[in-house]
1. Given the condition part of a loop (DSSP other than H, G, I, E, B), among the small types (Gly, Ala, Ser) and in contact with a Leu (Cβ under 7 Å, 6 or more places away or on another chain), answer yes or no: does some residue in region 122-137 qualify?
2. I'd like the residue in region 136-195 that is among the hydroxyl-bearing types (Ser, Thr, Tyr) and at pLDDT below 70 and, out of all such residues, is surrounded by the most Cβ atoms within 10 Å (Cβ to Cβ).
3. Of the numbered conditions (1) closer than 30 Å to Val136 by Cβ; (2) at pLDDT below 75; (3) among the β-branched types (Val, Ile, Thr), Thr35 satisfies every one except a single condition; which is it?
4. Yes or no: region 384-395 includes at least one residue that is in the same structural domain as His337 (by TED's automatic domain parsing) and touching a Cys at 6+ places or on another chain (Cβ under 7 Å).
5. Among residues belonging to region 69-108 that are in contact with a Ser or Thr (Cβ under 6 Å, 6 or more places away or on another chain) and not in a loop (DSSP other than H, G, I, E, B), point out the one that is farthest from Met161 (Cα to Cα).
6. Which of the residues belonging to region 88-112 are more than 13 Å from Ile196 (Cα to Cα) and within 20 Å of the chain's Cα centre (by Cα)?
Amino acid sequence: MQTLDCEVCKRLIGFGSLEILPPLLPTSTSAISSTSLPVPSSPQIATEPVCASCNSKYLFCSECGGGGRSRTGKYRPRELFEPNRRTCSLPHVRIGDAEVKYRTVEVPREMSEEVVRGCQDVFFDCLISLYAVPNVMEERFGGDYSGVKREVEGVWKRTVMDVVYGAGGKGTSGGDGLGGEVGNQSKQRRRKYLTIAWIEKRHRNKAKVKKDGSDEQVPWLTRLALEGTVAPTTHAVSVGASGSDAGTATPPETRFANPLQTSMSLLSPSLSSTSTRCYVAFSISEWDPPHKALLMIQMAPRSVFLPTMESYGELLRRAMERVQADGRKDDLPALEHIWCWTRGEKEHVRLDAVPERMGFTRKEEYLATREGTVDPVAFERPEWGVLREEGVKIWVKNAADLARGRGKVD
C-alpha cells in the first residue's frame, strides 16, 4: 500500500496501488487452491493521480517543456486550452538554429506599432508561462486564472508601457513608472532605449486555413482575450509595493511625432499576423549621461524557462553599443557603469543568478571598491517605487569590463 499524492497540487488524496491479475487458466473449481491462485503484479506503466479539484481546473500540455518525470510538459489552467486541443494556446516558440537579429531604438521617438505588438507578445508569453502553473496559481492567485490575467496585464502597463511613454513618472508617490523627461530635448537628458530580438517566421508557420474557413493563426493573445494598449490610457495608475492602486496621474505631453498615441487595442489579428518577424526577446534601458550610467530596466526572453546567458548578454551589449554611438555623436562622457535590479519575489528568485553569472556585483560591493570615485546617486531612482520594495537587489558592472568580456560566465 502506498500513498497517492495529486500530481498537480501534491496533496495527499488516498492510499493504494495499481495491480493486474493474470487470467485464470481453465480448470475445475475443486482443483483451485489458495497456493495456485494467480499472483498480482504491478504494471510497468506510470500513473498520475489527479484530485477532483485540480482535474476541474488544469490540463496537461506536452508542448510546454519541463516535467522530468514520466513525460515532458506542464499542467496549465483549462482557460489556456481551446476545445478539442491537447496543447495549450501559448506560442511554444522554438528558436532552434534560426538566426537571431537585433535592433536598438530610442523610445518613444523611434517606436513603431509592430515593435510594440511584438514586445507585448514576448512579455505575455514570458509571464503567462511563469504564473500559469498550478503551484503559483494556487499560492498566489487562489487557483483563479483571472488573477493571472489581471497581474500580467497590470505588470505590462506599469513596467513597459508607462516606462516607455513616461506615464506615472516623477511626482507620483510610490509609482512604478520611470518617466518625466520624455519631452526634454537636452543632450544631457536621460534617454530610454528598446532593444529587440527576432527571428524570421518560417514558411511552415504561415497561416493555414482549415476546411471550415477559419484561420489557425489567429494571434494567441486574441484567442485568450488578453488585454493591452499600444499607448497609455488617459489616466495612469500608480502602483506601489502592495500592487494596489495608489492614485492617478495624467501622462505628460510629448513633442515626438508618435503614431501610437491612441488608446488602440493590441489584439487586431490583421495587424499582428502580417509581420514576417517572430519576436523572441526585448530589453528596456535608460541612459543617464551625467552619471555615465545605463540602467537595464527590463529584460524579457520569450520564455522564462529557456533563457540563455548569451541572449541576456547580447541584449545588453546591443543597448550599450547604441548608447556609446549616441554618446560619440553628441560629444557626451563615455559610459562607465551598467546596472540592473532583481525582484525578491519567490517566482523571480532564479533570476538572481543571471546578473551574477554575467559578472555583475551587488551595488554595495561595487561602491566599496570605488569609494569616493562613483556617486551612489547614479544607482538610484527615487521616482520608481519598485526599487524600494523589500527584497529588491541592485547589481552593477563596469562598462569597460563588459565590453572586454571580463567576468562573463557561460
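The values are calculated or read from the model by the stated rules, or taken from the named source; none is laboratory data. Since we're looking at a predicted model, the values are computed, not measured. Methodologically, a virtual Cβ is constructed for each residue, glycine included, from the backbone with ideal geometry; neighbour enumeration extends over all protein chains shown.
1. For region 122-137, residues part of a loop (DSSP other than H, G, I, E, B), among the small types (Gly, Ala, Ser) and in contact with a Leu (Cβ under 7 Å, 6 or more places away or on another chain): present.
2. Per the criteria, the residue is Thr172.
3. Condition (1) is where Thr35 drops out.
4. Yes, that holds for at least one residue.
5. Ranking the candidates gives Leu80 first.
6. Cys88, Ser89, Leu90, Pro91, His92, Val93, Arg94, Ile95, Gly96
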